[in-house]
Structures are given as C-alpha cells and as structure tokens.
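For reference, the structure is listed below as structure tokens.
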Amino acid sequence: MICIIALKFNINIIQTMKKFSLTLLFAAAAVIGISTTGCGGDETPVNPKPTDTTETGNETQVANSVRVGLKDFSIVTETERTFGSYSTGKNETGVIVFGQDSKNGDIDFQITFPGKTAGTYITSETGANSLVFALGTGTAGDLRRQEHEASTTILTVTVTEYGSVGGKIKGTFSGQVKNASGQIVNITKGIFEVIRKADTI
C-alpha cells in the first residue's frame, strides 16, 4: 500500500515537472522570439534623398558670398539678373549679382572695372586699375534696405578668372563701403562667380 502511494506521488511529481519544463520551454521561446523580432531591427534602412543641385525656376546656387558688417550672406542667385558682361564702347566689365541668403534676406552687388582681363582693381585708383563697387541688402523699396557704395572708401577686387563668352568671371573682394548715413561698413570674405554673357556696345 505504501509503495502504491509513493508511486502515485512520484508520478504526480514527474507530471508536474513535465508541465513546469514545458512552461519554461515556452517562456524561453517567447523571449528568444521577442529579441529576434524586436521593433525596427529588421527594417531596411531608407537611403536619404540626394540633394538636388539642378536649377529650379530662375534660381541656382552659385559661389557668391560676402560678409557685410557682421552678417554672412551665402547667396542663392537669380539666374536672369546674375551675370558678367563686357562693354566694347566703354571698355569695361560689369559684374552683377542678385539673390538672397536664407537667414539674412535679399542682397545684390555690382562691380565695374576697366577692360576684360584678370587682375586687381581698387576703388581709390584711377585709370587701368580703377573700380566702382555698390552693394545693397534688403528688399528693394523696403525701408529697412541698406545701400552701400565705395566711392570714398577703399575696396579691392581681385579677378582670378576671366573666361570667354559663356565662361566664368570669378574673383574675390574686400574692403570698406559707406551706407546712406555715411557710416563705414566692413566688407569681407567676398566671393563672386558669374557667367559671362555676350558683349554689349
């Protein structure tokens, strides 16, 4: 009788152990399943969209930038109003840049120098190395727009490349200008790059 009771007790223990083992097995499988199928681990990475460097409308990014006082302008230019051109009648080159900086707004500048060759031109000089420079910040017609010119200050432009028609006119500039109130404003880190259009008379 005691043997039968002990045998039944042992069978109950074995069955309980089997249930417990199965429970542990299912729990372990669930943990493994969660760790291998977690959120986001198997997702295929999405490649970022490449930056579009083509023209959009009449705007294009060209290497034109300048610091006016303490404001930096990295200029997204307006294609139709940004160019260089040589005047055969006046024997001078005009470089015009119109555009805007995403933070500091509209800006434009104009450089005029004699001839059509690379070289250094200075506002205080006359003759072959003379230079005319003007710059405006802000929207035309807005009361906050600032006009600057360098007729009574020293500003230097170095033309580093002067291409043929369809090529580039490139260079750097720095110096000082005066605003409409007569205040002197420092111009630094000036860079221009424009396409040379057909010569004018």
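At-a-glance table
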| read-out | value |
| --- | --- |
| Long-range amide H partners of THR82 with built H, under 5 Å | PHE98 |
| Fully extended contour minus Cα-Cα distance, from ARG81 to ARG145, at 0.36 nm per residue | 21.2 nm |
| Region 58-201: Cα Rg divided by the 2.2 N^0.38 Å rule of thumb | 0.98 |
| Cβ-derived FRET efficiency at R0 30 Å, THR188 paired with ALA118, nearest 0.05 | 0.90 |
| Sum of side-chain charges, SER164 neighbourhood, beta-carbon under 15 Å (Lys, Arg +1; Asp, Glu -1) | +3 |
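We did not get these values from a lab; they are worked out from the coordinates using the rules stated. None of the values given here were measured: they were computed from a predicted structure. Backbone-built Cβ (ideal geometry, glycine too); neighbour counts: all protein chains shown.
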